[in-house]
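Q: Sharing a structure here in structure tokens format.
The values are calculated or read from the model by the stated rules, or taken from the named source; none is laboratory data. Computed from a prediction, not measured in an experiment: that's the story for all the values here. Accessible surface is based on the protein model in full, side chains and every heavy atom, while ligands, DNA and RNA are left aside. Shrake-Rupley method; radii C 1.70, N 1.55, O 1.52, S 1.80 Å.
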Amino acid sequence: MFDVSFTELVVIGVVALIVIGPERLPKVARTAGLLLGRLQRYVNDVKADINREMQLDELKKMQQQVAEEARNMEASVDAQMKSVETELNASLAQGIEQKTTNQPAEITASAPAVASGDKPQS
């Protein structure tokens, strides 16, 4: 956190010994250590929260991208299905139309043979 060298720590310790006194220095050092520990835990918690938020934002963006791709894929599949359905319906209609136009000709061709007593040819 802070860039403090050993000589600076010694100077701070000597000044604290002179100002606070030898009797209260251990209690003050203990309290300062506890406060510094709390401060470090708080900073680490804040960092962890920020990282979680960043990961959550990334996951939300990824979820939106996946959802958009799924919608695009669904639209593409729907378009293909409609295209295939249209072609199939047109093909069926054309086949039915051909069958109906060919059927009366077959009926008229086979009708005289049945009337004359001959067996129709299969």
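Q: Calculate, axis by axis, the spread of Cα positions in the stretch 1-105 along the three principal axes, and write the results as whole Å, longest axis first.
A: 124, 22, 12
Q: Within the accessible area of the stretch 11-99, what % is carbon and sulfur when the probe is 1.4 Å and the other protein chains stay in place?
A: Here carbon and sulfur together make up 61 percent of the probe-accessible area.
Q: What accessible area per residue comes out for the stretch 11-92, rounded to a whole number of Å², with a 1.4 Å probe? If you can, show how the numbers build up before the last one.
A: Values: 7440 Å² over 82 residues.
Per residue, the stretch 11-92 has an accessible area of 91 Å².
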